[in-house]
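Visitor: I am attaching a structure below and will ask some questions about it afterwards.
Values quoted throughout were computed directly from the atomic coordinates according to the rules given, and no laboratory measurement underlies them. Keep in mind that what you see is a predicted model, and the values were worked out from it rather than measured. Here Cβ is always computed from backbone atoms with ideal geometry, including for glycine, and neighbour counts include all displayed protein chains.
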Amino acid sequence: MRFGPSDKFWVVVDATPNATDGENVFQASLRDLELQFKGGLTMAQNPTLFTDEKDARMEAFGRLTAIRAKRAIEQQVAEGRIHGLPQRLEILDGAGKVLFEADLR
């Protein structure tokens, strides 16, 4: 598929700890994405491009779920309910394929 400077696609970035649904997915063109990088978007946020909105929203939801799980685990550790923080979070599909992974350090 060919994309010109004004053609739209979907962008998913890592969710922040206080993100709400939909805050880590947006539609953009190459021109828009250039402005996003000038405005503070970094590669550390793992921007990923999608042509399909449904696929982008599924990825965004997975990233949001992972950050919420991380926050819940950290809260449990802080409250003394569990001891020691896991090093990694992986979300698997029914066949054991990794759908999303994140370091918890």
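Visitor: Count of lysine pairs in the chain with Cα atoms under 22 Å apart, counting only pairs 8 or more residues apart in sequence or on different chains? Kindly include the intermediate steps, with their values, before the conclusion.
Guide: Numbers: Lys8/Lys38; Lys8/Lys54; Lys54/Lys97; Lys70/Lys97.
Eligible lysine pairs with Cα atoms under 22 Å apart amount to 4.
Visitor: Here is a follow-up. Using only helices, what value at 222 nm comes out for the chain when you add -39,500 (n - 2.57) per DSSP H run of length 4 or more and divide by the total residues, to the nearest 500 deg cm²/dmol?
Guide: -11000 deg cm²/dmol
Visitor: Continuing with this model, one more query. Using only the Cα atoms of region 9-103, what are the Rg and Dmax in Å?
Guide: Rg then Dmax for region 9-103, in Å: 15.1, 48.
Visitor: Another question about this same structure. Points 7 angstrom from Cα along the Cβ direction at Phe3 and Lys97: gap in nanometres?
Guide: 2.2
Visitor: To continue, here is another question. Measuring from label point to label point, each 7 Å out along Cα→Cβ, what is the Gln27 to Thr48 span in nm?
Guide: 2.1
Visitor: I've got another one for you. Taking K and R as +1 and D and E as -1, what net charge do the other residues with C-beta under 12 Å from the C-beta of Asp32 add up to?
Guide: +1
Visitor: Do any GluC sites (Glu not before Pro) in region 1-102 lie in a DSSP loop with no more than 14 other beta carbon atoms within 10 Å, and if so, which? The partial results should precede the final answer.
Guide: Details: sites: Glu23, Glu34, Glu53, Glu59, Glu74, Glu79, Glu90, Glu101; in loops: Glu23, Glu79.
Answer by residue number: Glu23, Glu79.
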